[in-house]
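Working notes for the structure below.
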Amino acid sequence: MNPAGTQERGLAVVAGVVVAVVVLTLCGAGGFVIGRNRVQKAKRGWSLVPAVTATRDLPVGAVLKRGDLVESTAPNQFVTAQVRRDASGLEGQTLLAPIATGELAHRGHLSRAWPISRECLNRAAATVISLGLVDDVPVRALLSDLHTKSGW
């Protein structure tokens, strides 16, 4: 056997092994990066964030009591700017829309209490009467809540 040929064959084997290791490393790294990106894309929007949910079915016009709405978590993609994230200060508010058990509580579900003059309240009541909305439960709940919280 020729020692030069054996040496060349040995170098060829070593070169082949090095090339195989480099190719396998590149494929493994590429697969890892692609897999990590797919996992991140799949998780996007599913991280849990604070939100307020109903503990039971609540009808229109219900006056909220302690424990009707609680702080819990929901997937980020379902929690918009209108979703309540804090349950403090909700006790005593009137619902303008029904909320099912586990449903996210939106600001639109709840009546708002803001300073209101007697004249404004009287005009609102007159408008409700003129539009024939006296028997509309959400409208009645809103007016009742405004009347109670304004002190008039």
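The values are calculated or read from the model by the stated rules, or taken from the named source; none is laboratory data. It should be emphasised that the depicted structure is a prediction, and the values quoted were computed from it without experimental measurement. For neighbour counting, all protein chains shown are included, and Cβ atoms are generated from backbone atoms with ideal geometry for every residue, glycine included. Ligands, DNA and RNA are excluded from the accessible area calculation, which covers all protein heavy atoms including side chains. Shrake-Rupley method; radii C 1.70, N 1.55, O 1.52, S 1.80 Å.
Observations on the structure shown:
- Residues that are closer than 18 Å to Gln77 by Cα and of a type in the set (Val, Ile, Thr) within segment 23-49 comprise Val39, Val49, listed in sequence order.
- Residues (surrounded by 12 or more Cβ atoms within 10 Å (Cβ to Cβ), at pLDDT 80 or above and in a loop (DSSP other than H, G, I, E, B)) located in segment 111-140: Leu133, Asp136
- Among the residues here, Gly45 does not qualify as over 17 Å from the mean Cα position of the chain (by Cα) and exposed (fewer than 15 other Cβ atoms within 10 Å of the Cβ).
- Flag: Arg44 matches the condition of being closer than 24 Å to Glu103 by Cβ and of a type in the set (D, E, K, R).
- Within segment 51-82, considering residues that are touching a Gly at 6+ places or on another chain (Cβ under 8 Å) and among the aliphatic types (A, V, I, L, M), the one nearest to Ala141 (Cα to Cα): Val63
- Top-ranked residue of segment 67-102 - restricted to ones that are in contact (Cβ under 8 Å) with a residue 40 or more places away in the chain and surrounded by 18 or more Cβ atoms within 10 Å (Cβ to Cβ), ranked as nearest to Lys41 (Cα to Cα): Ile99
- Thr53 vs. criteria open to solvent by less than 30 Å² (accessible area, probe 1.4 Å), assigned to a strand (DSSP E or B), touching a Leu at 6+ places or on another chain (Cβ under 8 Å) and touching a residue at least 12 places away in the same chain (Cβ under 8 Å): yes
- Only one entry in Leu64, Leu26, Leu11 is surrounded by 10 or more Cβ atoms within 10 Å (Cβ to Cβ), aliphatic (A, V, I, L, M) and under 28 Å from Thr94 (Cα atoms), namely Leu64.
- Out of Gly61, Gly30, Gly45, Gly67, sole residue that is outside any strand (DSSP E or B) and touching a Leu at 6+ places or on another chain (Cβ under 9 Å): Gly61
- Output for segment 83-99, where each listed residue is hydrophobic (A, V, I, L, M, F, W, C), touching a Leu at 6+ places or on another chain (Cβ under 8 Å) and assigned to a loop (DSSP other than H, G, I, E, B): Ala87, Leu90, Leu96
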